[in-house]
Amino acid sequence: QLQLVESGGGLVQPGGSLRLSCTTSGSILDYYAIGWFRQAPGKEREGVSCVSNTGGVVNYADSVKGRFTISRDNARNTVYLQMNSLQPEDTANYYCAAGTGSGYVCSYPVAEDRFDYWGRGTQVTVSS
């Protein structure tokens with residue numbers, strides 16, 4: 001089994017940046033595609049980004065494209081989400097999740113039913 005723990009959330013002003021980390025344990029990270037999701041009050045959980053197990057497939061939600069970058073370091077058992085030009089609309093609890101398989105897991109749009117393991121989230125608040 002795979003365990004995931006998010007970190008790096010916090011309060012940031014509009015236009016600022018944060019880097020979220022998803023640290024994994026319990027299995028070999030190379031086997032898993034990793035997705036980032038977020039959920040804000042009054043909204044459904046939204047797929048933000050995804051990177052395949054090999055890194056060969058990367059996808060982003062239209063709302064974050066050009067501002068967020070996903071990356072992975074399998075040797076460190078960690079996946080990152082670099083978030084730039086943050087806006088209040090980005091305020092949400094951010095989750096990372098893992099799914100088995102190949103690039104299909106990260107097919108656009110990123111859908112939560114493709115993922116088997118979930119972290120417990122880290123809060124990101126963008127406010128003046």
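The values are calculated or read from the model by the stated rules, or taken from the named source; none is laboratory data. Just so it is clear, the model here is predicted, and its values are computed rather than measured. Every residue, glycine among them, receives a Cβ derived from its backbone with ideal geometry; neighbour counts consider all protein chains shown. Keep in mind that these areas ignore ligands, DNA and RNA; they rest on the heavy atoms of the full protein, side chains included. Shrake-Rupley method; radii C 1.70, N 1.55, O 1.52, S 1.80 Å.
Summary table
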item: For the chain, size of Cβ-based charge dipole, Lys and Arg +1, Asp and Glu -1, in debye; result: 220
item: Unmatched cysteines, the chain - criterion: no other Cβ of a Cys under 4.7 angstrom; result: none
item: Label-point separation, SER127 to ASP30 (7 Å along Cα→Cβ), nm; result: 4.5
item: Residues GLN1 and ASP62, FRET efficiency given R0 of 30 Å [Cβ-Cβ distance, rounded to 0.05]; result: 0.35
item: Farthest toward positive dipole pole in the range 37-101 [+1 Lys/Arg, -1 Asp/Glu at C-beta], among TYR80, SER63, VAL48; result: TYR80
item: Of all accessible heavy-atom area on the chain, the percent that carbon and sulfur account for (1.4 Å); result: 45
item: The chain: relative contact order in percent, alpha carbon pairs under 8 Å with at least 6 residues between; result: 36
item: Simple label model, 7 Å out from Cα along Cβ direction - SER71 to GLN13, nm; result: 2.6
